[in-house]
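Following: one structure in structure tokens, then a few remarks.
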Amino acid sequence: MNLDNGQSLTVGGQDLTRNGSSSGSSSRYPWEDAKKVMKPSTPTRKPQPPKPENAITIAVSSRVLFNMEKEQQIYEQQGMEEYIRYQVEHESEPFGPGPAFSFVKALEAVNARLRELYPESEELFDVVLMTNNHAYVGLRLINTINHHQLFIERFCMTGGNSPIGYLKAYHTNLYLSADPGKVREALEEGIAAATMFTQEKMKEVSDTQLRVAFDGDAVLFSDESERIYKAHGLDKFFEHEKAHENKPLDHGPLKGFLEALGKLQKRFYGKGQRMDCPIRTYLVTARSAASSGTRALKTLRSWGLEIDEALFLAGAPKGPMLEKIRPHIFFDDQMFHVEGAAEMGTVACHVPYGIAQKVSRKAGKEPSAPK
Amino acid sequence: MASSCYGDALIRRIKEKASKWIYRNPVPGPDGTHLNHHLPKSGLRKKDADAVVVAVTSDAVFDPGADEGDAFRVGLAFPLLQALQRVNERLLEQNPSESLLFDIILITTSSQRQQQSSQIMRSTRHHGLEVGRFCFSSEDNFLESLLENNVQLFLSTDRNETSQASQRGVLSALLDQRAASSPSEQLRVLFCGDTVVQPNAAGPMSTIQHDAQSFPAQLGKMRQRFGMLDSPLVIILMVSQGGRDSCSSALQVLRSCGVGVDEAYCLAGAPQSPILSLLHPHFLLSDDFGELEE
């Protein structure tokens with residue numbers, strides 16, 4: 001960092017670059033004193049993370065796992081150097097939970113159950129912290145992970161470089177980020193991805209059962225039917241769906257993730273735990289049960305995928321229904337539905353895929369992650 | 001054959017201030033070393049003390065196989081040398097009287113190359129490489145040359161050579177094909193975190209915590225000359241076996257030596273090569289250099 005020639009970065013008055021031999025103060029490192037403020041991490045035997053190709057890898061960015069609103073503001077208003085300085089200065093203060101936090105906690109609960117049933121198996125969730133952040137923020141992030149007792153052991157702090165290559169290297173099954181640009185890039189590379197937002201309201205969710213809700217068109221399925229609706233209206237849409245009822249829809253970006261969840265569910269069914277399964281999936285679609293919904297269900301069946309509950313809202317708002325379900329995460333391609341869900345406290349994320357994006361692109365600058 | 005080290009234009013960077021130095025045919029001194037006698041001794045000494053001496057073997061810089069007529073073809077360390085030069089250029093841009101610079105030595109480590117001194121010097125100029133000094137040594141005495149020239153980092157494509165140098169206490173790194181595809185505009189140095197935290201007693205990384213003048217400490221100081229963005233020098237940490245605790249310790253150890261890390265990757269046992277192929281480091285600093293998986 002160039003803070004005038006030769007001037008070094010200080011942390012709480014202590015010289016960051018001081019080397020061990022010239023120490024004049026009692027503690028060797030400034031953060032040793034600060035660490036006493038934090039909750040000590042309980043020394044439990046840590047299970048070894050699974051090999052990426054065997055696991056279901058969920059990559060989350062730092063801003064969706066934790067609440068970094070204040071820091072993001074500093075970055076946007078005062079620039080990178082100030083942002084880094086602030087982060088380092090507050091290194092011992094853990095961040096609060098972000099929108100993906102309860103989802104990650106629920107993944108861990110599923111893992112605990114899987115390990116009980118299959119102690120040798122590597123078919124588990126593996127959460128990787130995938131952030132554009134500079135490694136100077138690394139210690140604060142690790143301290144926060146310790147504080148909240150999360151089980152994340154793998155991360156990439158790319159210091160500004162694109163995460164896409166690393167997503168592939170980790171065989172990522174799902175990528176969650178606050179940066180819509182990166183999410184779109186991931187989708188283009190065939191990786192399931194969604195944009196998450198900081199929400200004021202986040203209703204309490206189960207800590208024993210992971211609940212994942214999906215929209216149908218342009219999320220699980222392709223956007224082909226949505227295109228017809230947008231071009232020719234509702235009547236033509238119904239006609240088309242009825243006529244093609246037995247022709248499976250093409251797959252959408254999140255189909256693979258539903259498939260992965262289904263595989264894990266079967267691991268529980270195999271041990272007689274269908275009623276008590278810690279994973280539950282939902283389809284929450286604007287299609288109607290009477291007509292257009294049939295094609296959706298038949299498509300899922302043709303893929304060999306099960307969904308626990310299918311909710312056909314026939315165009316009604318999704319917020320109230322989701323509020324009853326209390327999923328840890330809800331995926332939709334339309335911001336209208338994402339916002340509606342979020343208003344009622346459901347953690348909703350946006351899948352920027354398909355025709356809905358071209359028709360209703362939000363105006364204005366999209367803030368990017370600190371590089 | 002005794003080794004001869006040419007004090008070539010380390011002072012090229014201050015050529016605006018100095019009159020033309022005769023560096024192409026230096027006058028041999030009484031002890032056989034070739035220094036540029038026209039230099040004001042005190043000036044050279046002051047600047048030398050701050051310089052970070054990096055020695056690279058000629059077989060790494062020039063393709064041992066081919067030669068295009070007069071000059072050798074460049075080898076896999078070419079982007080590395082360009083990146084080292086780039087760091088020096090940027091440092092001088094910021095501060096024309098900067099003394100913390102890379103002092104690059106091109107060293108031969110075989111009698112065969114030792115006898116190709118003029119061709120090597122010619123090739124260096126042909127490719128626009130800024131080498132501070134040449135050391136024409138053989139396999140028998142290159143280690144002495146490294147020590148005599150206070151080399152802080154020795155880079156070679158030969159595992160045998162790096163091993164020998166390391167045993168004599170010279171921090172060494174093995175160069176491989178990865179270096180060839182690394183950028184020429186940004187020097188990317190990778191610290192392997194597992195040995196930062198638990199260094200082998202005999203290995204070079206064990207010195208990292210004790211030596212304020214060590215290469216890592218100097219590198220850290222250099223990095224501090226630049227801002228967060230657009231730095232020509234980037235320091236990367238990779239922890240391959242350990243998890244976040246190892247990563248945390250490694251970050252703290254490096255920081256205590258004045259080394260701020262830009263990018264950090266913690267693998268916790270995941271395969272290394274997919275990640276390494278994305279990092280494009282010019283070289284890796286580790287006690288187990290060369291033991292990383294292919």
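When the residues of the range A:102-136 are filtered to those that are in contact (Cβ under 8 Å) with a residue 40 or more places away in the chain, among the acidic types (Asp, Glu) and not in a loop (DSSP other than H, G, I, E, B), the one that is nearest to A:Lys263 (Cα to Cα) is A:Asp126. Filtering the range A:307-332 to residues that are touching a Gly at 6+ places or on another chain (Cβ under 6 Å) and surrounded by fewer than 17 Cβ atoms within 10 Å (Cβ to Cβ) leaves only A:Pro317. Within the range B:247-275, the residues that satisfy the criterion of being more than 7 Å from chain A (Cβ to nearest Cβ) and either surrounded by fewer than 21 Cβ atoms within 10 Å (Cβ to Cβ) or farther than 18 Å from A:Glu153 by Cα (or both) are B:Ser249, B:Val253, B:Leu254, B:Val259, B:Pro271, B:Gln272, B:Ser273. Of everything in the range A:62-87 that is buried (at least 19 other Cβ atoms within 10 Å of the Cβ) and in contact with a Gly (Cβ under 9 Å, 6 or more places away or on another chain), the residue that is nearest to A:Tyr136 (Cα to Cα) is A:Ser62.
Of all the residues in the range B:90-119, those that are crowded, with 21+ Cβ neighbours inside 10 Å and more than 18 Å from the chain's Cα centre (by Cα) number 2. Has the range A:238-250 got at least one residue that is in contact with a Ser or Thr (Cβ under 6 Å, 6 or more places away or on another chain), over 27 Å from A:Ala342 (Cβ atoms), within 14 Å of chain B (Cβ to nearest Cβ) and hydrophobic (A, V, I, L, M, F, W, C)? Checked against the condition, which is being in contact with a Ser or Thr (Cβ under 6 Å, 6 or more places away or on another chain), over 27 Å from A:Ala342 (Cβ atoms), within 14 Å of chain B (Cβ to nearest Cβ) and hydrophobic (A, V, I, L, M, F, W, C), the range A:238-250 yields no hits at all. Among the residues of the range B:232-246, those that are at the interface with chain A (Cβ under 9 Å from one of its Cβ atoms) and assigned to a loop (DSSP other than H, G, I, E, B) comprise B:Gly242, B:Gly243. Restricting attention to the range B:247-259, the residues that are among the small types (Gly, Ala, Ser) and either under 14 Å from B:Cys192 (Cα atoms) or modelled with pLDDT of 95 or more (or both) add up to 3.
Within the bounds of the range A:138-152, is there any residue that is among the small types (Gly, Ala, Ser), farther than 27 Å from A:Ala342 by Cα and either within 12 Å of another protein chain (Cβ to nearest Cβ) or touching a residue at least 24 places away in the same chain (Cβ under 8 Å) (or both)?
Here is the first cut: in the range A:138-152, the ones among the small types (Gly, Ala, Ser) are A:138.
So of that shortlist, the ones also farther than 27 Å from A:Ala342 by Cα come out as A:138.
From what's left, either within 12 Å of another protein chain (Cβ to nearest Cβ) or touching a residue at least 24 places away in the same chain (Cβ under 8 Å) (or both): A:138.
Yes, there is a match, as at least one residue in the range A:138-152 is among the small types (Gly, Ala, Ser), farther than 27 Å from A:Ala342 by Cα and either within 12 Å of another protein chain (Cβ to nearest Cβ) or touching a residue at least 24 places away in the same chain (Cβ under 8 Å) (or both).
The residue list A:Ala135, A:Ala231 contains one member that is away from chain B (no Cβ under 14 Å) and either among the small types (Gly, Ala, Ser) or over 30 Å from B:Phe191 (Cα atoms) (or both), which is A:Ala231. When A:Pro99 is tested against the conditions (1) within 30 Å of A:Asn173 (Cα to Cα); (2) in a helix (DSSP H, G or I); (3) not hydrophobic (A, V, I, L, M, F, W, C), the lone failure is (2). Does A:Gly165 satisfy being on the phi > 0 side of the Ramachandran plot and within 14 Å of chain B (Cβ to nearest Cβ)? No; evaluated as a whole, the condition is false for this residue. Screening B:Ser172, B:Ser181 for residues that are touching a strand residue (DSSP E or B) at 6+ places or on another chain (Cβ under 7 Å) and either modelled with pLDDT under 95 or among the charged types (D, E, K, R) (or both) leaves exactly one candidate, B:Ser172. When restricted to residues that are more than 7 Å from chain A (Cβ to nearest Cβ) and closer than 17 Å to A:Ile84 by Cβ, the range B:221-231 contains 3. Is it the case, given these coordinates, that A:Gln265 is polar (S, T, N, Q), within 19 Å of A:Leu114 (Cβ to Cβ) and more than 22 Å from the chain's Cα centre (by Cα)? When the stated conditions are applied, A:Gln265 does not pass them. The strands (runs of 3 or more DSSP E) located wholly in the range B:118-188 that include 2 or more residues which are touching a residue at least 24 places away in the same chain (Cβ under 8 Å) and not small (Gly, Ala, Ser) occupy B:133-137, B:153-156.
So which residues in the range A:160-198 are of a type outside the set (Gly, Ala, Ser) and part of a strand (DSSP E or B)? Give the steps one after another, and end with the answer.
We begin by selecting, within the range A:160-198, every residue of a type outside the set (Gly, Ala, Ser); these are A:161, A:163-164, A:166-168, A:170-176, A:179-180, A:182-185, A:187-189, A:191, A:195-198.
Hits for the range A:160-198 are A:Thr172, A:Asn173, A:Leu174, A:Tyr175, A:Leu176, A:Thr195, A:Met196.
Here A:Lys201 qualifies as of a type in the set (Lys, Arg) and outside any helix (DSSP H, G or I).
Taking the stated definitions as given, is B:Leu278 in contact with a helix residue (DSSP H, G or I) (Cβ under 7 Å, 6 or more places away or on another chain), within 9 Å of another protein chain (Cβ to nearest Cβ), surrounded by fewer than 19 Cβ atoms within 10 Å (Cβ to Cβ) and in a helix (DSSP H, G or I)? Judged against the criteria, B:Leu278 is a match. The conditions of being over 29 Å from A:Leu176 (Cβ atoms) and loosely packed, with under 14 Cβ neighbours inside 10 Å are met by A:Ala231. Against the numbered list (1) free of Cβ contacts under 8 Å to residues at least 24 places away in the same chain; (2) away from chain B (no Cβ under 14 Å), A:Tyr86 comes up short only at (2).
The values are calculated or read from the model by the stated rules, or taken from the named source; none is laboratory data. This one's a predicted model, so the numbers in the text were calculated from it and none came from an experiment. As a convention, Cβ positions derive from the backbone with ideal geometry for all residues, glycine included, and neighbour counts pool all protein chains shown.
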